[in-house]
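Notes follow once the structure below has been shown.
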Amino acid sequence: MRQHILPALKLTAVCIVFFCGVYTLLIWVIAQAAPAHGLGETVSVNGKVVGYALEGQSFTQDKYFWGRPSAAGYNAAGSAGSNKGPSNPDYLKDVQSRIDSFLVHNPGVKKEEIPSELVTYSGSGLDPDLSPAGARVQVRRIAAVRGLKEEKINDLVDRLTEGPLVGLFGPSKVNVEKLNIALDNLH
């Protein structure tokens, strides 16, 4: 038994030193090389920080693109999904309510055209991005409210669409907050 305990204690000590010290220091050094020194990417308007690029925000006015619903109320301190499965009656009622609301605010859009991301919660509750399709389905509403041509708003969506990481990993996406700030600057 002694032959097993001593190596286990040595391995535990090595792991504690490595993961609590060396690994933490390594990650901190890498973060310092990042543009914001590991503090996250802020979004600024006229020199004032209005949000963070990796954290979703609530936009409910018809003149703005709406982001993905948040089970956490867009609170980063309480980041979480709803933990309701797709067969949960409360969940289904919530989704149907969001579909109905979306259809009221977006006349001319059919239920089948609504991307699921606009009516379902994300896993973290803080998803800042939409797919290009999630943005495009809202263009008609925004163009009508703002008195702009749909082509101009579609061009904006195209310009702010980010492709997959390194061209391979993940889907194309549009940051909703950056899109809405650019939309305000169109006038």
Checklist outcome for this item: Those residues of region 28-44 which are free of Cβ contacts under 8 Å to residues at least 12 places away in the same chain, of a type in the set (Val, Ile, Thr) and surrounded by 11 or more Cβ atoms within 10 Å (Cβ to Cβ) amount to THR42
Checklist entry - Taking region 45-65 on its own, how many of its residues are assigned to a loop (DSSP other than H, G, I, E, B) and either free of Cβ contacts under 8 Å to residues at least 40 places away in the same chain or not assigned by TED's automatic domain parsing to the domain that holds LEU103 (or both)? => result 5
Next on the checklist: Quick test of your reading of the structure: LEU9 fulfils all but one of (1) among the hydrophobic types (A, V, I, L, M, F, W, C); (2) more than 28 Å from LEU179 (Cβ to Cβ); (3) touching a residue at least 24 places away in the same chain (Cβ under 8 Å). Name the failing condition by number.
Outcome noted: (3)
Checklist entry - Name the residues in region 72-109 that are within 15 Å of TYR121 (Cα to Cα) and either touching a strand residue (DSSP E or B) at 6+ places or on another chain (Cβ under 7 Å) or β-branched (Val, Ile, Thr) (or both), would you? => result VAL95, ILE99
Item to check | Number of positions in region 134-163 that are surrounded by fewer than 15 Cβ atoms within 10 Å (Cβ to Cβ), out of contact with any helix residue (DSSP H, G or I) (no Cβ under 7 Å at 6 or more places or on another chain) and of a type outside the set (Val, Ile, Thr) | outcome: 8
Next on the checklist: Among the numbered criteria (1) among the acidic types (Asp, Glu); (2) in contact (Cβ under 8 Å) with a residue 60 or more places away in the chain; (3) out of contact with any helix residue (DSSP H, G or I) (no Cβ under 6 Å at 6 or more places or on another chain), which one does ASP94 miss?
Outcome noted: (2)
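The values are calculated or read from the model by the stated rules, or taken from the named source; none is laboratory data. What you see is a predicted model; the values in this text were computed from it and never measured. Reconstructed Cβ throughout: ideal geometry from the backbone, glycine too, with neighbour counts over all protein chains shown.
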